[in-house]
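First comes the structure, then the notes that go with it.
No value in this document is a laboratory result; all are computed from the given coordinates. Here the structure is a predicted model, which is why all the values come from computation and not from measurement. Here the Cβ positions follow ideal geometry from the backbone for every residue, glycine too, while neighbour counts run over all protein chains shown.
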Amino acid sequence: MSRLFTALVFALALAFAGTACAASKIEEIVSPGGIKAWLVRDNTVPLLSLDYAFTGGANADPADKPGLAHMVGALLDEGAGDLDSRTFQERMEEKAIQLGFTAARDQFRGSLRSLSANLGEAENLLRLALTAPRFDEEPVARIRDQLQAQVLRATTSPNDIASKRWWAEAFPDHPYGRPGHGTAESLALITVDDLKAYVRNTFARDTLTIGIVGDIDVEGAGRLIDRIFGALPAKANLTPVPDVAMHGLGERIVVNLDVPQTVISFGGPGLGRSDPDFFAAYLVNHIYGGGSMTSRLYHEVREKRGLAYGVRTSLVWMDHANITSGGTATRADKAGETLAIIEEETRRMAAEGPTQEELDKAKAYLKGSYALSFDTSSKIAGQLVQIQLDKLGIDYPERRGAMLDAVTLADARRVAKRLLDTKLLTLVVGRAQGPSKTN
Amino acid sequence: MRCAGTLRAFTLHIFIRLLAFLSLCLALPASSALAAPSVTQFNLANGLAVVVIPDHRTPVVTHMLWYRVGAADEVTGKSGIAHFLEHLMFKGTAKNPAGRFSQQLASIGGQENAFTSSDYTGYFQRTSREHLGTLMEFEADRMTGLVLTDDVVASERNVILEERNQRIDNEPSARLGEQVQAAQYLNHPYHRPTIGWRHEMETLDRVDALNFYRLYYQPDNAVLIVAGDVTPEEVKELAEKTYGKLERRPALGPRIRPKEPPQIVERRVTFADLRVTQPSLQRSYLVPSYTTAKENEAEALDLLAFILGGGSNSRLNRSLVMEKRLATTAGAWFQGTSLDDTRFGVYATAAAGASLERVESAIDAEIELVLDKGVTAEELERSKSRMIADYVYAQDNQSTLARQYGAALTTGSSVEAVLARPERLRAVTADQVRDAARRYLDKRRSVTGYLIREGAPREEKKS
């Protein structure tokens, strides 16, 4: 290991509209073992939050074994090193250590939260979980049963049916189209060798991204990440995932299910995080359906007509595709009317774009609310990882406001057309009296 | 703009107390950096209670106004009106017509929402700190200035009906839960679902909403919680200028609801639904809450719920899920924050091939074991450490803290009681946990609900 220890301190205030507190500065550190991380030091609360991500996630599941990464995530705290499942769980509880593991589409993500006083045990447990998971027979069988029960339950849930089918239609023959939680059949096929292979191939230092927040100094943070991640392989062994464009635009698929409320999922193409039009699209989406209580869709569907409790759209940017995704739920006999309103608002936004007033308000909201994403250690650690994954640069929080401000009305109108001048892929799950064919 | 120079030296008073206990149980060194302003509370002249919880890490503020009124305060026949009014509170006032508050808030990057329970109704906003005064102006205005039209009420009624569909009617386990709760309370209004029974929600109108509003929305029936980058002094000054201008109204009487008679019969309900893929069961027992409990019975019940079913190491999980493989999930809970007597629950989802009867017998056997032999010193210590540590984790989230204090003060508890809770948890003995179990986990005080399948295929078409 190199004895060199570098700490590049960017001393950046997280830029909150005119307010700057020196406590919230992001530092890039490199550990003695050469592992990079972003750090925000804060000793107000005797806690440490550490978030991390490895490239891979559900994307790395073999085509015939979807749900593998998800199953690994459910098993990492079920025994590792010389600690069996029961002992591992007892250690976590005794020291109130929280370990979380999630298989997202493009990454396998994890989090650690610990009281500062128990950090030694916390780093030990996480190191064992990542480098020496046991996958003993009892926990593997038990967790497999639990996961199978969950996917079975999802087969009668309108939200799950709509979402799973939407992704399958949008991305046939691509990892994004496969169910991340697997199926009862695919979960049955997964072996301990599969679980071990996933860990061996995916958990590696070259695809690792780390964010740390808490009561720790630069040297301490460096030692911490070396102890947790230092023993991982240098390089991941991932099967390349191709870029893909979404399918199914203009299709409306109706799944009959006897439920009082019809669930609607809809969406179309999106645009990437590094696209020069990203911020214009972000603003347009906020005005169209992203603003939780202010958007056009919210106004038309809920406020004006009382058709739904909620309606929402978001930009979803991924490593290999980008989409705009939306959803709502309404009574069966109003599903047709609700869909017609959504389609009309989509058309109107594509044709006319937002007004200057809407654009100004959206900018003000998105700038002003940014600080609310940084008010707990866990949220900050999550932001540190996401900003790195999105390759936005350590000074992004400072630059973000100006990037939003730079979007002109002409940009927004052009990008509204680029984003929404499209037919949608729509899934409707509910009683048969739902919408008539309109596409 | 304000930037605290003493960020590092600052923490909540709660911390000192927590650390004192933690240093006993977890060998935490007491930090020297903890010079401590405390959670501050005071009342305005018009009776509004105010609690300030400083957190100077980020220049944001959480502003919450809680009313001491919820679904259990509704008149019979008007179920859902407390929650419906919560929605209608966003429809504008004489001074600030519909949408102005939300638009103003959006323009400063604020977030808002509201919530209703059996005992309280709350409204909150989160913004950067300099807008606190504006939030208070708007919130104070809508305490007395609400204006409603029949059209607005009719449209929003459809929204709450869709909310009911989404939360309850589309979800078989939620529908069973509603039935279990209704059967649990023979006489107390907690038998009512907070969102309301559909047939009554459909009849709620403008007059119902305004009657409820005028009766309960007043300064001395409200609690203001401000958490974030603020000082008690500035909160007081801003609150005086806004809420302080509201007139004091004649005090509402004490919140006395119909009491439960002795519960002498075990109750059982079964709900069958086409969409159930795995049978499950939920049982609740009538038990005292943190407000109604004698001595430390509520703390004992909290620990009992954790030991019995609070996580992977709990007895129900180890026995039913890990050892016997009868269930895919099993656990227990205690809803301690409640003005009147509350519920303690156990639940499990059957594993493939296991009958609910066998699952229930296994739960009963675990409960019997606690009644007979009590809990071990080791599991009691482990559970205490974990539960007390959760109070430290809560310090990382100003919204969580604000909710803790708001819920306490609107359910007959106090700031002092919340601060003392870790200490009181620490003091509970194994005998007290066993005694609480013996006294309250009596099937005659319980309702057991079965959720079973009523199988049917689903079809599909593509257009």
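For a quick check: sort B:TYR190, B:TYR213 by the number of other beta carbons within 10 angstrom, fewest at the front.
Ordered by Cβ neighbours within 10 Å, fewest first: B:TYR213, B:TYR190.
Along the charge dipole of the protein assembly as shown, which of B:VAL207, B:SER414, A:ILE228 sits closest to the positive end, that is, farthest toward it, with unit charges on the beta carbon of Lys, Arg, Asp and Glu (+1, +1, -1, -1)?
The residue sitting most towards the positive pole is B:VAL207.
Within segment A:120-141, whose backbone N sits under 18 Å from a point 7 Å along Cα→Cβ of A:THR87?
A:121-140
List A:LYS235, B:LYS78 from most exposed to least, where exposure is judged by having the fewest other Cβ atoms within 10 Å.
A:LYS235, B:LYS78
Any lysines with Cα under 16 Å of the A:LYS334 Cα? List them, leaving off those in the same chain fewer than 8 positions away.
Here the lysines satisfying the reach criterion relative to A:LYS334 are A:LYS304, A:LYS437.
In debye to the nearest 20, how big a dipole does segment B:165-239 give about its Cα centre with +1 on each Lys and Arg Cβ and -1 on each Asp and Glu Cβ? Don't skip to the end; give the middle numbers.
Numbers: 7 positive and 12 negative charges, 75 e Å.
Rounded to the nearest 20 debye, it is 360 debye.
Check B:LEU339: other-chain or 5+ apart residues with amide H under 5 Å from its amide H, H built from backbone geometry?
Amide H neighbours of B:LEU339: none.
Expressed as a rounded percentage, what relative contact order does chain A have, with Cα pairs under 8 Å and six or more residues apart?
Relative contact order, chain A: 21 percent.
Where nothing but the Cβ of Lys and Arg (+1) and of Asp and Glu (-1) is charged, how large is the charge dipole of segment A:252-438 around its Cα centre, in debye to the nearest 20?
For this selection, approximately 360 debye.
Label points 7 Å out from Cα along the Cβ direction at B:ASN187 and B:ALA420: separation in nm?
That separation, rounded to one decimal, is 3.0 nm.
Run the quick spin-label model on B:ILE264 and B:ARG100: label points 7 Å from Cα toward the beta carbon, then report their separation in nm to one decimal.
Placing both labels 7 Å along Cα→Cβ, they lie 6.0 nm apart.
Once you have a ≥ b ≥ c as the square roots of the Cα gyration tensor eigenvalues for chain B, tell me rounded if a/c is under 1.5, and otherwise prolate or oblate according to whether a/b is larger than b/c.
Here chain B falls in the oblate category.
What's the magnitude of the charge dipole for chain A around its Cα centre, counting Lys and Arg as +1 and Asp and Glu as -1 at the beta-carbon? Answer in Debye, nearest 20.
The dipole magnitude comes to about 820 debye.
Over all distinct Cα pairs, what is the inverse of the mean 1/r for segment A:252-438, reported as the Kirkwood hydrodynamic radius in Å? Before the final figure, lay out each step's value.
Working: mean 1/r = 0.0572 Å⁻¹.
The answer is 17.5 Å.
Using only Cα atoms, locate the centre of segment B:106-141 and the centre of segment A:39-100, then give the distance between them in Å, rounded to an integer.
Each part reduced to its Cα centre gives a spacing of 36 Å.
Residue farthest toward the positive end of the dipole of chain A, with Cβ of Lys/Arg at +1 and Asp/Glu at -1: which of A:GLY81, A:GLN383, A:ALA245?
The residue sitting most towards the positive pole is A:ALA245.
Rank the residues B:LYS241, A:LYS334 as a footprinting-exposure proxy: fewest other Cβ atoms within 10 Å of their Cβ go first.
Ascending number of Cβ neighbours within 10 Å: B:LYS241, A:LYS334.
Between B:GLU357 and B:THR203, 0.36 nm times their residue separation minus their Cα-Cα distance comes to what?
Computed gain between B:GLU357 and B:THR203 is 51.4 nm.
Rounded to the nearest 0.05, what FRET efficiency do B:THR76 and A:ASP193 have when you use their Cβ-Cβ distance and R0 = 51 Å? Write down the numbers at each step before the final one.
Details: r = 63 Å, r/R0 = 1.24.
After rounding, the FRET efficiency stands at 0.20.
Which is farthest toward the positive dipole end of the protein assembly as shown among A:SER114, B:SER38, A:VAL259, measuring Cα position about the Cα centre, with Cβ charges +1 (Lys, Arg) and -1 (Asp, Glu)?
Projecting each Cα onto the dipole axis, the largest value belongs to A:VAL259.
Rounded to the nearest 0.05, what FRET efficiency do A:ALA432 and B:ALA272 give with R0 = 25 Å and r taken as the Cβ-Cβ distance? Could you check?
With a Förster radius of 25 Å, E is 0.70.
HN-Hα J couplings of segment B:338-355 from phi, Karplus 6.51/-1.76/1.60, θ = phi - 60°, integer Hz, Gly and Pro as x?
Listing the rounded values in order: 6, 5, 10, 4, 10, 10, 10, x, 10, 8, 7, 10, 5, 6, 3, x, 9, 7 Hz.
Could you work out the relative contact order of segment A:56-209, using alpha carbon pairs under 8 angstrom and six or more residues apart, expressed as a whole percent?
34 percent
Which distance in Å, rounded to a whole number, links the C-alpha centroids of segment B:352-418 and segment A:232-256?
41 Å
Add -39500 (n - 2.57) for each DSSP H run of 4 or more in the protein assembly as shown, then divide by its residues: what number comes out at 222 nm, to the nearest 500 deg cm²/dmol? Walk me through the numbers on the way to the answer.
Details: 29 runs with 345 residues, N = 902.
After summing the helix terms and dividing by the residues of the protein assembly as shown, the value is -12000 deg cm²/dmol.
Longer than 25 Å from Cα to Cα, which of A:LYS379/B:LYS241; B:LYS294/B:LYS373; A:LYS361/B:LYS236 are they? Say none if no pair is.
A:LYS379/B:LYS241; A:LYS361/B:LYS236
Can you compute the FRET efficiency between A:LYS417 and A:ASP333 using 1/(1 + (r/R0)^6), with r the Cβ-Cβ distance and R0 = 51 Å? Round to the nearest 0.05. The partial results should precede the final answer.
Details: r = 33 Å, r/R0 = 0.66.
Between A:LYS417 and A:ASP333 the formula returns 0.95.
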